[in-house]
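Everything on this sheet refers to the single structure shown next.
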Amino acid sequence: MQSLLHYLSYWDSALAVVLVFGGLIFFHELGHFLAFRAFKVGVITFSIGMGPKLCSFRRGKTEYRLSWLPFGGYVSGVGEYSDEVESLGFTQEEAVTSKPAWQRLIIAFAGPFMNLVIAWFIYWGLTMSMGLAVPLPQVGAIIKGSAAMEAGLQPGDMITAIDGMKIDRWELVPETVGASGGRTLDVEVKREGSILHFSMTPTRSERTNIFGETETAWLIGVQASGAVRYEEKGLFASAALGLRQTWNMIDVTLTGVKKLITGSVAADSVGGPILIAQMLGKQAAEGLAPLLLLTALISVNLGLLNLFPIPVLDGGAILFCIVEIIVRRPVPEMVQEWSMRVGAGLLIALMVFATFNDVMRWFR
């Protein structure tokens with residue numbers, strides 16, 4: 001029985017990977033598809049999945065296809081990859097090459113933009129259904145030899161005030177302690193219904209931030225317990241909070257990329273498809289909400305990655321359109337062709353490097 005449950009857990013993880021990746025790429029391509037339609041560009045094929053065709057149907061001039069490989073998908077616009085137009089039943093006016101550069105720019109941008117919108121919808125929906133998760137200022141682990149341990153703080157203590165400032169969420173604890181400058185603080189906690197006061201002098205210590213960097217800060221040596229409370233939010237408040245959370249994830253992602261480029265974050269921290277699959281499997285086992293939160297983060301990363309100005313990505317097409325708008329003539333086809341080859345080589349190298357990192361993590 002345990003063996004059966006073990007194998008079922010693997011199938012659940014695999015299903016989560018297929019649904020998340022397949023769903024995010026579907027919505028990415030749907031963004032391009034809707035932009036094609038908005039600018040009256042003919043669509044030859046809209047495929048969910050890649051590889052050989054599993055089944056399909058035709059509506060108007062467009063074939064809607066379900067393909068065997070669940071990872072990926074594509075939308076093929078008229079004139080996008082070949083000069084065939086009339087032979088496919090379309091007119092020259094329906095070819096993407098007949099559209100002005102600003103319309104082609106929007107078409108390229110629509111896919112990544114849809115990924116950001118999907119992340120927003122996920123954050124919005126979770127906040128609407130569950131409420132806003134606010135980490136409680138409850139003490140979890142206490143570092144040995146720290147000011148908190150010497151003062152007598154215990155796991156489970158609820159920090160209610162620091163130097164008279166009310167503390168109602170965990171973020172205020174490191175923020176207030178960090179701004180102390182090392183002066184002795186009066187920390188008020190609630191323990192089993194009683195209010196207690198402790199004097200603590202923060203020490204300048206090292207800690208690791210979300211990017212894996214070591215930084216110094218004033219600390220009292222406590223960690224969050226992970227307990228949260230949920231604050232009920234209405235439709236519009238949830239939408240605003242979802243938008244803010246999406247922006248926060250964009251900011252964190254771009255900051256991480258910047259730190260990788262500057263070398264302040266080690267290159268071996270880059271993860272590939274194996275790491276992502278492992279994370280999805282883990283979150284799927286913990287429940288729907290954790291899985292959706294990770295899906296939103298992956299969607300933000302997918303959208304931003306496609307906006308990088310690298311040929312073969314949407315960002316490369318956007319770059320070509322911007323150059324065309326500025327110089328008022330298209331980028332020469334030879335330049336586009338060679339830049340596409342270079343871009344494809346860079347992406348393949350990055351994928352191989354990320355996968356190598358994933359494999360090496362198994363041996364660490």
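The values are calculated or read from the model by the stated rules, or taken from the named source; none is laboratory data. The structure displayed is predicted, hence computed values, not measured ones. FYI the Cβ positions are ideal-geometry reconstructions off the backbone, even for glycines, and counts take in every protein chain you see.
Does region 220-230 include one or more residues that are of a type outside the set (Gly, Ala, Ser), in contact (Cβ under 8 Å) with a residue 60 or more places away in the chain, within 13 Å of ILE159 (Cα to Cα) and not in a strand (DSSP E or B)? For region 220-230, residues of a type outside the set (Gly, Ala, Ser), in contact (Cβ under 8 Å) with a residue 60 or more places away in the chain, within 13 Å of ILE159 (Cα to Cα) and not in a strand (DSSP E or B): present. Counting only residues that are surrounded by 13 or more Cβ atoms within 10 Å (Cβ to Cβ) and in a strand (DSSP E or B), region 55-68 holds 7 of them. Within region 65-82, the set of residues being farther than 17 Å from ALA35 by Cβ and touching a strand residue (DSSP E or B) at 6+ places or on another chain (Cβ under 7 Å) comprises ARG65, LEU66, SER67, TRP68, LEU69, PRO70, PHE71, GLY72. Could we say that GLY49 is surrounded by 15 or more Cβ atoms within 10 Å (Cβ to Cβ) and more than 27 Å from the chain's Cα centre (by Cα) here? The answer is no for GLY49.
Going through region 305-328 one residue at a time, which ones are in a helix (DSSP H, G or I), surrounded by 18 or more Cβ atoms within 10 Å (Cβ to Cβ) and among the β-branched types (Val, Ile, Thr)? Passing the criteria: only ILE318. Just to be sure, is VAL75 surrounded by 19 or more Cβ atoms within 10 Å (Cβ to Cβ), closer than 30 Å to LEU196 by Cβ and at pLDDT 90 or above? No: the conditions fail for VAL75. The listed residues are LEU260, LEU241, and the only one of them that is assigned to a helix (DSSP H, G or I) and in contact with a Leu (Cβ under 7 Å, 6 or more places away or on another chain) turns out to be LEU241. Within region 225-251, the set of residues being buried (at least 18 other Cβ atoms within 10 Å of the Cβ) and either closer than 30 Å to SER199 by Cα or in contact with a Cys (Cβ under 8 Å, 6 or more places away or on another chain) (or both) comprises SER225 only. Here LEU185 fulfils each of the conditions (1) in contact with a Ser or Thr (Cβ under 6 Å, 6 or more places away or on another chain); (2) buried (at least 17 other Cβ atoms within 10 Å of the Cβ); (3) not assigned by TED's automatic domain parsing to the domain that holds ASN301 apart from (1).
Residues in region 17-59 that are of a type in the set (Phe, Trp, Tyr) and within 25 Å of GLU86 (Cα to Cα): PHE33, PHE36, PHE39, PHE46, PHE57. Cβ-Cβ contacts under 8 Å between residues 6 or more apart (or on different chains), taken from a first residue in region 281-295 that is farther than 16 Å from ILE118 by Cβ to a second residue that is of a type in the set (D, E, K, R), are listed as GLY281/ASP12; ALA284/ASP12; ALA285/ASP12.
When only residues in region 254-298 that are of a type in the set (Lys, Arg) and farther than 25 Å from PHE363 by Cα count, which is surrounded by the most Cβ atoms within 10 Å (Cβ to Cβ)? Ranking the candidates gives LYS259 first. For region 287-302, does any single residue satisfy the condition of being among the hydrophobic types (A, V, I, L, M, F, W, C), more than 14 Å from the chain's Cα centre (by Cα) and more than 26 Å from ALA101 (Cα to Cα)? Scanning region 287-302, I find at least one residue that is among the hydrophobic types (A, V, I, L, M, F, W, C), more than 14 Å from the chain's Cα centre (by Cα) and more than 26 Å from ALA101 (Cα to Cα), so the answer is yes. Among the residues of region 99-115, is there at least one that is hydrophobic (A, V, I, L, M, F, W, C), more than 17 Å from LEU34 (Cβ to Cβ) and not in a helix (DSSP H, G or I)? No: region 99-115 contains no residue that is hydrophobic (A, V, I, L, M, F, W, C), more than 17 Å from LEU34 (Cβ to Cβ) and not in a helix (DSSP H, G or I).
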